[in-house]
1. Out of curiosity, is Ser3 under 16 Å from the mean Cα position of the chain (by Cα), more than 16 Å from the ligand (Cβ to nearest atom) and not hydrophobic (A, V, I, L, M, F, W, C)?
2. With the condition kept exactly as written, say whether any residue in segment 204-215 is open to solvent by less than 50 Å² (accessible area, probe 1.4 Å) and touching a Lys or Arg at 6+ places or on another chain (Cβ under 6 Å).
3. Output the residue which, of all residues in segment 63-102 that are assigned to a strand (DSSP E or B) and over 15 Å from the mean Cα position of the chain (by Cα), is farthest from Gly299 (Cα to Cα).
4. Are any residues in segment 31-57 near the ligand (Cβ under 8 Å from one of its atoms) and touching a strand residue (DSSP E or B) at 6+ places or on another chain (Cβ under 6 Å), and if so, which ones?
5. Pairs, please: C-beta under 7 Å, at least 6 apart or cross-chain, first residue over 13 Å from Ile163 (Cα atoms) and in segment 1-17, second modelled with pLDDT of 95 or more and open to solvent by less than 50 Å² (accessible area, probe 1.4 Å)?
6. When the residues of segment 186-203 are narrowed to those that are touching a residue at least 24 places away in the same chain (Cβ under 8 Å) and more than 17 Å from the chain's Cα centre (by Cα), which ends up least open to solvent (accessible area, probe 1.4 Å)?
7. When segment 103-115 is examined, which residues are found to be open to solvent by less than 20 Å² (accessible area, probe 1.4 Å) and either in a loop (DSSP other than H, G, I, E, B) or hydrophobic (A, V, I, L, M, F, W, C) (or both)?
8. Output yes when any residue across segment 222-232 is open to solvent by 60 Å² or more (accessible area, probe 1.4 Å), on the phi > 0 side of the Ramachandran plot and assigned to a loop (DSSP other than H, G, I, E, B), and no when none is.
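The values are calculated or read from the model by the stated rules, or taken from the named source; none is laboratory data. Predicted model, so just to flag it, every value in this text is computed and none were measured. As a convention, Cβ positions derive from the backbone with ideal geometry for all residues, glycine included, and neighbour counts pool all protein chains shown. Surface areas here come from the heavy atoms of the whole protein model, side chains and all, with no ligands, DNA or RNA. Shrake-Rupley method; radii C 1.70, N 1.55, O 1.52, S 1.80 Å.
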Amino acid sequence: MVSYLMLELSEIEKRSFLLFEKLKNCNLCGWECNIDRYSKKSHCRSGIELKISSYGPHFGEERIISGKRGSGTIFFTNCSLKCVYCQNYDISQLGNGYVISEEDLSNIMLKLQNLGCHNINLVTPTHFLPQILKGIFLAIKKGLKIPFVYNCGGYENVETLKILDGIIDIYMPDAKYGDNEKGKKYSGIPDYWDKCKRALIEMKRQVGDIVLNEEKVAIKGLLIRHLILPNDISSTEKVLKFIKEELGENTWISLLSQYHPEYKAYMYPEIDRRITYEEYYKSVEIVEKIGLKNVIYQGFLI
Ligand code: SF4
């Protein structure tokens, strides 16, 4: 049974109210801006209106997330990171999307469940968490019973994550860079790696390692995504070492090879190309040297 069905419905509603209160002094994500979202916008360029760009079954996620019937993906508009190479920049940076109500969101969740999706995949959810939690509350009342995937950029506030304890079954964060300097240069974040490390520890505490069902689809656990960037901009060895030492050798990791220059990447010659086979294979060697047990190789055939 999914975790949220073991909570009282009133508890989920209470947490949604708590998150709406936080909007008056917003510190939902790693930025901790402390601004009133009812009258101002900050790095996430979002006020209080819930905005999405699209939704539907997604078959291109990792096999343990998409399964055979797809992951019920909902793409939220805007993002608090400013990655210069973002592959979804029209949604995350240019704000393409449309406003919906929490009631609409709950109906979308039910629709995805009725289509047979294995889970509800919340893509870039953090800045809209109050509205999402209200949508979850309404969807559970209408019969939602599949797990949530929290698909985020990794720049999270641990205090916000604690409010999700017992509601989110699967965390799927990025671990983009193993040092703050890279985070600053390529994602506009001054302390990415510091905040990301704390977030990963909290996520692991809540859900543990991945648990698969009889269809080999994840029903619980942490899956960390690491996109290999050209010229080791992603500091792969540092990231993987941290995971092994702090989260354990059984932690699930997806090593992504699909990077291609998008958006403003042309302004940075060091990332203005795809990665080579040698670069990807180097990351595989690091995995083997460090001794991680559950790595999904997304891309090049190994
Ligand atoms: S969600 Fe993050 S970026 Fe947006 S206002 Fe809140 S703390 Fe700032």
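1. Details: under 16 Å from the mean Cα position of the chain (by Cα): no; more than 16 Å from the ligand (Cβ to nearest atom): yes; not hydrophobic (A, V, I, L, M, F, W, C): yes.
Considered against the rule, which asks whether it is under 16 Å from the mean Cα position of the chain (by Cα), more than 16 Å from the ligand (Cβ to nearest atom) and not hydrophobic (A, V, I, L, M, F, W, C), Ser3 comes out as no.
2. Going through segment 204-215, the residues open to solvent by less than 50 Å² (accessible area, probe 1.4 Å) turn out to be 204, 206-208, 210, 213.
Now narrow it down to the ones that are touching a Lys or Arg at 6+ places or on another chain (Cβ under 6 Å): 207.
Yes, that holds for at least one residue.
3. Keep residues of segment 63-102 that are assigned to a strand (DSSP E or B), which gives 71-76, 98-99.
So of that shortlist, the ones also over 15 Å from the mean Cα position of the chain (by Cα) come out as 98-99.
On the way: Tyr98: 32, Val99: 35 Å.
Here the residue is Val99.
4. Correct list: Cys33, Ile35, Arg37, Ser42.
5. Filtered contacts from segment 1-17: Val2/Ile146; Val2/Pro147; Val2/Asp169; Ser3/Gly166; Ser3/Ile167; Ser3/Asp169; Leu9/Phe137; Leu9/Ile140.
6. Tyr186
7. Leu105, Ile108, Met109, Leu112
8. In the first step, residues of segment 222-232 are kept if they are open to solvent by 60 Å² or more (accessible area, probe 1.4 Å); the result is 231-232.
Now narrow it down to the ones that are on the phi > 0 side of the Ramachandran plot: 231-232.
Subsequent filtering for residues that are assigned to a loop (DSSP other than H, G, I, E, B) retains none.
No; the residues of segment 222-232 include none that is open to solvent by 60 Å² or more (accessible area, probe 1.4 Å), on the phi > 0 side of the Ramachandran plot and assigned to a loop (DSSP other than H, G, I, E, B).
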